[in-house]
Amino acid sequence: MMNIKQLFCIAIAAVCFSACDDTTDTLGNSLTNDVDKFDIIPDTFNVTTKSIIIDSVLSSSQYSYLGHIKDPETKTYVTSNYTTQFAVLESFDDSKLLPEQDSIVSRNENNDIIADSCKLNIYFYSSIGDSLNPMRLTVHEMAQPIKEGIPYYTNYNPETAGLLRTDANAIKKSKTYTPVDLNLSDSVRYKIVDKTNMESVSIPLNEPYIDAAGNQYENYGTYIMRKYFDNPDDFKNSYNFIHNVCPGFYIKSTDGLGVMSEVYLTELALYYKYLNDSTYNGTLLLSGTEEVMQTTNIVNDRKTIDRLAADNTCTYIKAPAGIFTEVTIPVEEIKLNHDKDTISSAKIVFNAMNDATDEDYAFGKPQNLLMVHKDSLYEFFERKELPNYKTSFVASYNSSYNTYTFNNISTLISAMYEARMSGKASEDWNKVVLVPISITRNSSSTASSVTNVSNEMSLKSTRLVGGKDNPRNPIKISVIYNRFIKE
């Protein structure tokens with residue numbers, strides 16, 4: 001989006017062109033006064049690129065992914081698993097999660113409160129691949145919660161970190177599923193098109209449950225209900241609930257191939273009956289949301305990733321973790337003999353090599369690429385920064401030209417050069433990385449602003465023209481200098 005300064009410059013330029021009919025040779029004269037004039041000097045330079053392996057990216061807690069799929073273009077296998085906790089909204093009034101204990105009708109033979117049933121629901125927002133393929137997941141009970149305040153990356157595995165409950169009484173349930181429920185009629189299935197009517201899979205938790213202290217319950221829902229009535233403070237907020245009642249679950253893809261599903265919501269549901277003049281069916285729903293910790297574990301086929309990154313005839317962008325493209329900007333060449341000139345524009349166009357209309361290309365291309373300094377690659381996301389178009393920039397995919405265009409990175413070049421001249425530059429001082437990102441916008445009736453930028457967590461992949469042995473036209477950076485002339 002153009003800022004006010006850019007719009008002002010365009011307006012001034014339009015007035016000058018319409019009023020004066022300038023040629024390029026006299027453009028500097030018309031834009032300046034009689035004392036200070038400048039020449040416009042265009043030039044181009046070659047840019048070098050290479051693929052770099054990214055072991056992991058910062059895991060987003062907004063959506064998780066589940067499945068195992070093969071990229072038809074790169075032939076790489078990708079597996080995704082995730083953890084989820086459940087949020088409990090703190091109540092500031094007299095509202096309660098469950099009715100009064102005396103009103104609960106669901107009881108066992110000892111007159112103890114029970115849940116009639118309990119299940120874990122996983123709702124899918126979308127899927128890549130053949131959604132009729134049978135897949136298999138396994139639900140693992142967490143022994144302790146994932147710690148807060150720590151950045152978790154997609155290589156984080158709670159299983160190897162020792163966070164899962166592994167004793168014989170721990171919940172460990174497998175379920176075979178298809179993202180599209182085969183039991184639904186076609187007329188119903190075709191109505192599942194948005195988040196209000198999603199495909200889902202349910203895992204019953206109705207077997208007898210024994211907690212870590214050795215206490216036995218009719219099912220997991222009964223455990224939750226009795227913990228509530230034993231100590232309501234454990235349900236006062238999400239922190240208390242997660243640390244004292246339910247640390248969460250690890251959902252692992254354990255069999256099947258050909259589907260990767262985006263998980264919109266994971267929900268713990270328990271059902272009971274209670275009395276209020278008449279007998280009613282009650283439901284307690286606890287959901288995994290952004291307010292609690294969720295992590296996604298991505299497992300890539302490392303041998304294939306290594307092979308792709310070694311291909312110097314192109315470069316790769318492969319999300320959510322795998323391969324990014326590193327760009328070396330020829331800053332010293334650009335500044336050579338131009339120390340006193342101002343760089344007013346520096347433009348780079350990256351051409352995608354895949355056919356933009358290839359319908360068989362399952363993963364799809366990243367819609368947005370972030371250009372960020374290599375030294376700031378991880379800090380940018382950990383600090384939740386936004387593109388400032390001074391040292392970080394965003395280019396959107398242009399399907400008409402099959403390109404990503406960074407229109408003006410002149411401020412970045414100047415910052416790199418100043419760091420180099422000050423002696424404070426790192427060995428990667430003139431290197432940036434192209435990162436696939438997801439952008440969240442706050443839209444109003446008059447404007448749209450970026451509110452969040454995160455690593456692209458859905459499956460995206462493309463090849464870019466470039467690499468050390470690039471057989472195509474070299475990548476160019478087009479630079480325009482302003483040289484001031486004093487009369």
At most 11 other Cβ within 10 Å, DSSP loop - trypsin sites (Lys or Arg not before Pro), the range 375-407: Arg383, Lys384
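Can you tell me the dipole magnitude for the range 65-161 around its Cα centre, using point charges on the Cβ only (Lys, Arg +1; Asp, Glu -1), in Debye to the nearest 20? Before the final figure, lay out the partial values.
Values: 7 positive and 14 negative charges, 124 e Å.
Its charge dipole is roughly 600 debye.
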Relative packing of 37-44, 134-141, which averages over residues the other C-beta atoms within 10 Å, highest first: 134-141, 37-44
Listed residues Ala115, Ser60, Leu98: farthest to the positive end of the dipole of the range 51-117 (Cβ charges): Ser60
Carbon plus sulfur fraction of accessible area for the range 358-470, probe 1.4 Å, in percent: 42
Ranked by how many other beta carbons lie within 10 Å on average, peptides 118-124, 404-410, 247-253 from highest: 247-253, 118-124, 404-410
Shape metrics for the range 198-248, restricted to C-alpha atoms - Rg then Dmax, Å: 12.4, 37
Cα coordinate range in the range 318-446, projected on the principal axes (Å, largest first): 49, 37, 31
Cα pair distances in the range 265-350, grouped into 5 Å bins until the bin that holds the longest one, percent each: 3, 8, 11, 9, 7, 8, 9, 9, 7, 6, 5, 4, 4, 3, 3, 2, 1, 0
Candidates per GluC sites (Glu not before Pro) in the range 300-409, loop by DSSP, up to 12 other Cβ within 10 Å: Glu359
Nearest-0.05 FRET efficiency for Asn337 and Asn473, computed from C-beta distance (R0 30 Å): 0.70
P(r) of the range 408-458 over all Cα-Cα pairs, binned every 5 Å from zero, in whole percent: 4, 16, 15, 12, 15, 16, 12, 6, 3, 1
Largest to smallest accessible area among Glu290, Glu427 [probe 1.4 Å]: Glu427, Glu290
Highest average packing first - 80-88, 451-459, Cβ atoms within 10 Å: 80-88, 451-459
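The values are calculated or read from the model by the stated rules, or taken from the named source; none is laboratory data. Not measured: the values here are computed from a predicted model. Cβ atoms come from the backbone with ideal geometry, glycine included; neighbour counts cover every protein chain shown. Heavy atoms of the whole protein, side chains included, go into the accessibility calculation; ligands, DNA and RNA do not. Shrake-Rupley method; radii C 1.70, N 1.55, O 1.52, S 1.80 Å.
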